[in-house]
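Okay, structure first, notes after.
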């Protein structure tokens with residue numbers, strides 16, 4: 001494979017960095033902006049850009065440090081570098097500066113707004129600066145290859161890499177992880193450390209039907225029940241951080257407890273509870289979630305609110321039906337409502353945003369784990385008269401490129 005000597009000029013979304021070679025963009029992994037590196041070209045299939053992996057640093061950034069995960073360090077051959085900690089070679093403060101730039105750049109290029117240029121600051125979660133961004137992950141999936149070896153995948157690969165530790169995981173999971181064992185018949189090993197239950201390890205066996213196991217998570221004084229394999233925020237402080245952030249983002253002067261308030265992509269009710277805890281037991285709100293099991297747990301978790309409902313439905317289908325069947329009275333309830341929107345990484349998308357635009361809620365609180373998807377949806381909302389009035393960003397995934405953003409979109 002071809003080796004190139006490259007000047008790294010910028011960061012791109014996805015944890016990769018940008019260089020140019022003979023006029024062509026080259027996306028480079030394991031680098032830092034400002035560095036000069038030797039990179040091995042791995043993909044030339046695209047006309048407009050190539051992909052490459054750093055194999056040697058000629059001029060190092062002042063922000064470079066030894067990788068937090070030895071098996072991902074640049075001293076290893078790229079084929080044998082473990083994935084999942086692609087910013088682990090960068091000082092935490094610079095990681096956050098890069099993430100802030102990606103949010104601002106995405107809003108500019110895909111969202112059509114420069115209103116937040118130079119204003120985004122990515123906030124650390126408790127304890128992460130002291131631990132160098134390690135020891136935060138409460139859920140880990142390890143993979144098992146045909147030889148029974150256990151470990152994470154190599155970067156951008158489905159090949160299992162054996163490792164000596166899991167530095168991003170909480171201590172309880174490092175103690176349980178069967179990293180040196182051979183396990184036959186399993187395709188994955190799930191490690192989980194719930195905040196209100198004991199840590200556990202589960203082997204996922206080929207062809208086996210897993211029995212549902214219920215776990216408990218605690219956020220402040222409130223307890224949530226969910227399935228062991230159900231979705232929950234991964235960082236040990238993420239659920240509390242997002243609960244507080246969503247509560248702050250809601251403009252109380254525009255909140256109507258009797259309106260058609262919604263938590264879309266509601267999961268087991270975490271963010272609906274944030275809304276309800278701020279505005280009281282009579283708050284009317286509907287959690288909509290496509291996963292039936294999660295909806296059942298949401299109904300239980302939201303039982304403290306007399307006006308709460310949990311509905312199993314795809315959000316786009318649910319909103320389509322609401323738009324088609326909304327009475328004049330219901331339309332008024334929607335027009336004074338607050339909608340919390342926490343879509344998957346791909347974002348809400350045009351159909352969902354257009355439906356919400358027709359229903360015209362008073363404010364939308366959008367929780368996003370992908371800056372580009374968020375920015376695209378911000379542009380869709382702008383076509384319906386909404387703009388970003390409030391924005392906070394959080395480093396929920398230290399030593400990775402991922403970042404969480406909470407925004408309030410208000411009608412203009």
Over the stretch 139-217, calculate the relative contact order: mean separation of alpha carbon pairs under 8 Å at least 6 apart, over the residue count, as a percent.
29 percent
The distance between the Cα centres of the stretch 202-247 and the stretch 21-95, in whole Å, is 33 Å
Could you work out how far helix 315-325 tilts from the main Cα principal axis of the chain, as a 0 to 90 degree angle to the nearest 10?
20 degrees
Estimated 222 nm signal from helices in the chain, with DSSP H stretches of n ≥ 4 weighted -39500 (n - 2.57), rounded to 500:
-7000 deg cm²/dmol
What order do you get for 158, 21, 300 when you list them from fewest to most C-beta neighbours inside 10 Å?
158, 300, 21
Can you put 47, 119, 379 in order of Cβ neighbours within 10 angstrom, beginning with the fewest?
47, 119, 379
Taking 8 Å as the Cα distance limit and 6 or more residues as the minimum spacing, I'd like the relative contact order of the stretch 264-383 as a percentage.
23 percent
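Over the chain, what is the relative contact order in whole percent, taking alpha-carbon pairs under 8 Å and six or more residues apart?
Answer for the chain is 13 percent.
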Give, in nm to one decimal, the length gained when the segment between residue 300 and residue 390 is fully stretched (0.36 nm per residue of separation minus the Cα-Cα distance).
29.3 nm
Packing-based order for 263-271, 98-106, using average beta carbon neighbours within 10 Å, highest first:
263-271, 98-106
Arrange the following residues from fewest to most other Cβ atoms within 10 Å of their Cβ: 38, 339.
38, 339
First check a/c for the stretch 180-226, with a ≥ b ≥ c the square roots of the eigenvalues of its C-alpha gyration tensor; if it is under 1.5, answer rounded, and if not, answer prolate when a/b is larger than b/c or oblate otherwise.
oblate
Would you kindly give the portion of the calculated P(r) for the stretch 235-339 that falls above 24 Å, as a percent of all Cα pairs?
20 percent
Any idea how far apart residue 108 and residue 360 come out in nm if each label point goes 7 Å out from Cα toward Cβ?
3.5 nm
With each label point set 7 Å from Cα along the Cα-Cβ vector, what nm distance links residue 158 and residue 60?
3.7 nm
For the chain, what does the alpha-carbon gyration tensor say about shape, rounded, prolate or oblate, given a ≥ b ≥ c as the root eigenvalues, a/c under 1.5 as rounded, and a/b over b/c as prolate?
oblate
Mind checking the angle between helix 92-109 and the chain's longest principal axis? C-alpha axes, 0 to 90 degrees, to the nearest 10.
60 degrees
Centroid-to-centroid separation of the stretch 114-156 and the stretch 313-327 [C-alpha atoms, Å]:
36 Å
For labels at residue 320 and residue 117 in the simple 7 Å Cα→Cβ model, what's the distance in nm?
3.9 nm
Report the full-extension gain for the segment residue 129 to residue 181: residue separation times 0.36 nm, less the Cα-Cα distance, to one decimal in nm.
15.5 nm
Go ahead and run the numbers for FRET between residue 412 and residue 231, Cβ-Cβ distance against an R0 of 25 Å, rounding to 0.05.
0.15
Sort the stretch 3-64 into rounded, prolate or oblate with this rule: let a ≥ b ≥ c be the square roots of the eigenvalues of the Cα gyration tensor; rounded if a/c is under 1.5, and if a/c is not under 1.5, prolate when a/b is larger than b/c, oblate otherwise.
prolate
Rounded to 10°, Cα long-axis angle of helix 238-249 versus longest principal axis of the chain
50 degrees
Just to verify a number: FRET efficiency for residue 1 and residue 36, C-beta to C-beta distance, R0 = 25 Å, to 0.05?
0.80
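Values quoted throughout were computed directly from the atomic coordinates according to the rules given, and no laboratory measurement underlies them. No experiment lies behind these values; they were computed from the predicted model shown. As a convention, Cβ positions derive from the backbone with ideal geometry for all residues, glycine included, and neighbour counts pool all protein chains shown.
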